[in-house]
Amino acid sequence: ADEAMKDCERPSKISRTDHQAPSVLRPPTMVGAPDHDFTPNEAELTSNGRIYEYSKAADPDIPPVPVVSLRTNEDLSNVGTTRVARFDLQAQLGTPYAATSPNLLVGFVHIMGGETVATQATATSQAFYVIQGKGSSSSEAHGVIPWALGDMVVLPTCPGPVTHAASPGVECCLYWVTDEPLLRYLGVEPVHETFKPTLIRREAMLRQVEDISLEPGATHRNRLGILLGNKATDYTAAAEPGVAPAEGPGRVSQGTLTLTPVLWSLLNVIKAGKVQAPHRHQSIAIDLCVYAPEGDGIYTLMGPELDPATGLATMGRDGDGASIAPMKCVWRSGAVFVTPPGWWHSHHNNTGEAAWVLPMQDAGLLTYQRALDIRFAPAPPETATSTEAPKS
């Protein structure tokens with residue numbers, strides 16, 4: 001042991017040249033190191049650098065992701081007008097550009113019957129989920145794609161605008177999600193497509209949900225729904241002839257199985273009288289309520305901690321050690337709400353009808369980075385105390 005410790009002992013003496021301060025803490029390899037050459041813009045270059053003591057900068061004070069809900073029919077839509085409205089939380093996030101979360105921006109494309117409107121984004125991924133109506137989206141890069149209620153259109157980088165047209169006499173609304181804030185933060189533009197234009201039809205999604213709901217044990221799963229993927233995010237492998245790629249030798253784990261390399265989406269149904277147990281992940285969820293019956297009977301409870309007594313989320317403990325009630329977001333058809341990263345969240349349906357939700361996340365990116373950190377809590381009792389909803 002004594003012999004091994006010699007490798008960790010501090011040198012008893014370090015030689016220094018005359019021009020160096022006698023008490024400077026430095027690696028021995030930097031003793032007597034040559035000075036740098038002079039540059040005329042030394043002051044300008046060095047003025048951009050910063051040096052912080054570790055404990056004062058390891059966890060910087062940046063604005064948190066807010067818990068905000070928005071109702072499209074009340075907060076965004078102007079009845080009788082064709083327009084594009086963004087769910088912009090720039091002020092809350094402190095970004096110099098429009099953003100709903102640090103990586104994503106969502107908006108709503110409202111088109112009156114027989115009219116058109118254009119959208120444009122500097123993004124690697126754009127998703128358009130059809131909330132209402134029937135029409136088409138077209139671009140010079142990707143052609144014309146017809147759609148109807150419940151379809152999902154996903155486009156890779158598109159240098160020009162995408163023009164959305166509503167069928168005659170049919171009012172339309174699209175839920176629009178892009179990763180433009182991520183690219184704005186990085187100061188980059190996409191140089192090539194990371195996937196091909198993709199269309200996932202409503203009936204294909206609903207049939208799959210129906211099949212899954214009939215499987216044994218389906219009602220006890222953490223979520224009852226389908227993850228939407230893309231050919232570009234499938235597993236890849238160097239498979240032997242006649243062996244499926246996902247089963248062959250040399251299977252590569254880069255496949256995120258997500259909607260795009262950045263975007264992730266789930267079509268989730270919560271049946272009447274059911275509770276979907278809490279889970280958490282480091283991706284930020286921006287949930288669109290596809291359908292919920294009128295009233296306050298369907299909601300999401302969320303908080304940064306998990307209460308062991310109830311099995312549900314909590315905002316923490318008060319001074320007396322009592323659990324602080326979680327935040328509550330009531331579901332409204334066509335509305336969206338934001339779930340911060342790392343927060344536990346459960347879904348509750350105290351009505352006699354099934355409800356549907358479509359969260360969009362940046363989980364494709366976090367999955368690839370091995371940073372998603374998704375965790376699941378045990379199922380809580382199916383009766384949960386209601387709490388006040390957060391102010392939007």
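For this structure, a couple of remarks:
- Heavy-atom accessible area per residue - segment 47-148, 1.4 Å, Å²: 53 Å²
- Ranked by the mean number of other Cβ atoms within 10 Å of their residues, highest first, the peptides 363-372, 281-290 fall in the order 281-290, 363-372.
- Net length gained if the chain between Ala33 and Asp296 were fully extended (0.36 nm per residue, minus Cα distance): 87.7 nm
- For segment 180-230, with all protein chains in place and a probe radius of 1.4 Å, 53% of the accessible heavy-atom surface sits on carbon or sulfur.
- Cα gyration tensor shape for segment 67-165, rounded if a/c is under 1.5, else prolate or oblate: oblate
- Label zone at Thr219, where the point sits 7 Å out along the Cα-to-Cβ direction: segment 264-284 residues whose backbone N lies under 14 Å: 270-276
- Gain on full stretching of the segment that runs from Arg375 to Asp320 - 0.36 nm per residue minus C-alpha separation: 17.0 nm
- Accessible surface of segment 76-131, 1.4 Å probe, proportion on carbon and sulfur as whole %: 48 percent
The values are calculated or read from the model by the stated rules, or taken from the named source; none is laboratory data. The structure displayed is predicted, hence computed values, not measured ones. All Cβ positions, even for glycine, are placed from backbone atoms using ideal geometry, and neighbour counts span all protein chains on display. To get the accessible areas, we keep the full protein, side chains included, count just its heavy atoms, and leave off ligands, DNA and RNA. Shrake-Rupley method; radii C 1.70, N 1.55, O 1.52, S 1.80 Å.
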